[in-house]
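Structure record follows, encoded as structure tokens.
The values are calculated or read from the model by the stated rules, or taken from the named source; none is laboratory data. Just so it is clear, the structure is predicted and the values come from calculations on it, not from any experiment. All Cβ positions, even for glycine, are placed from backbone atoms using ideal geometry, and neighbour counts span all protein chains on display. We work out accessible area using only protein heavy atoms, side chains counted, and drop any ligands, DNA or RNA first. Shrake-Rupley method; radii C 1.70, N 1.55, O 1.52, S 1.80 Å.
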Amino acid sequence: MEFITLNKFVRFTLGQNPTRIREHKELIDDLYTPDDFEKDLHSINSVKESLGCIINLINSKCSPVSEQTAMKSITVNFLKCDFDTERIFPWYLCYQFNEGKDLERQIKKYLQGTTLSVKKLNIKTIGELKISLPDIEKQRLIGNLYRQSIIQNDLMIKQANDIKEFTMAMIRKMEGE
């Protein structure tokens, strides 16, 4: 299996400074937000693999870009990643970035000794991260399993919350009798 640095096959675009975006009124209404990031990652929005990925530099997470957020302007807290989807599957990149032990170890090594209260990755560090690249079919299998695990986890949390709400409603009804 080949290990390769991200900057060899990913083109990174750093978001703009919010003060510059504010100068362009039309961009303010269409800013990519942390909520957009979560909706993309949790497949609430319809993801289109050919649109690449976005890395949230604050929480060091990666998400595919959805059709709903593809045209939004990103701020300096996000990094847009464009790449050949025949070489790397976006959900595989997200799995490796969010859960992969190799990248986690590299990121922790970079953040060691950082005294800032907000430990933020930068474009240079991300570009130097090394990722393992199995064949594209294996990437698709791993990436799709990762996506399904996120969806399944969200459904289980929703179900648990629904059960709790139902139980609390029953208890309140019993108290009122």
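Can you name the residue in the stretch 103-128 that is open to solvent by less than 20 Å² (accessible area, probe 1.4 Å) and in contact with a strand residue (DSSP E or B) (Cβ under 8 Å, 6 or more places away or on another chain) and, of all such residues, is modelled with the lowest pLDDT?
Residue satisfying both the conditions and the ranking: LEU121.
Kindly evaluate ASN77 against the criterion of being surrounded by fewer than 17 Cβ atoms within 10 Å (Cβ to Cβ), of a type outside the set (Gly, Ala, Ser) and within 17 Å of LYS39 (Cα to Cα).
No.
Filter the stretch 43-71 for residues that are assigned to a loop (DSSP other than H, G, I, E, B), open to solvent by 50 Å² or more (accessible area, probe 1.4 Å), of a type outside the set (S, T, N, Q) and touching a residue at least 24 places away in the same chain (Cβ under 8 Å) and give the result.
If we filter the stretch 43-71 for residues that are assigned to a loop (DSSP other than H, G, I, E, B), which is where we start, we get 43-46, 48, 52, 57-60, 65, 67-71.
Now drop any that are not open to solvent by 50 Å² or more (accessible area, probe 1.4 Å), which leaves 44, 46, 48, 58-59, 67-68, 71.
Still in the list and also of a type outside the set (S, T, N, Q): 44, 48, 58, 67, 71.
Passing the criteria: ILE58, MET71.
Kindly provide the set of residues from the stretch 129-162 that are aliphatic (A, V, I, L, M), open to solvent by less than 100 Å² (accessible area, probe 1.4 Å) and more than 30 Å from LEU6 (Cβ to Cβ), ordered by number. Give the derivation first.
Restricting attention to the stretch 129-162, the residues satisfying the condition of being aliphatic (A, V, I, L, M) are 129, 131, 133, 136, 141-142, 145, 150-151, 155-157, 160.
With open to solvent by less than 100 Å² (accessible area, probe 1.4 Å) added as a condition, the list becomes 129, 131, 133, 136, 142, 150-151, 155, 157, 160.
Matches in the stretch 129-162: LEU155, ILE157, ALA160.
Of everything in the stretch 8-31, what is at pLDDT below 85, closer than 20 Å to ILE54 by Cα and among the β-branched types (Val, Ile, Thr)? Give them in sequence order.
If the condition is that a residue be at pLDDT below 85, closer than 20 Å to ILE54 by Cα and among the β-branched types (Val, Ile, Thr), then ILE21, ILE28 are the ones that fit.
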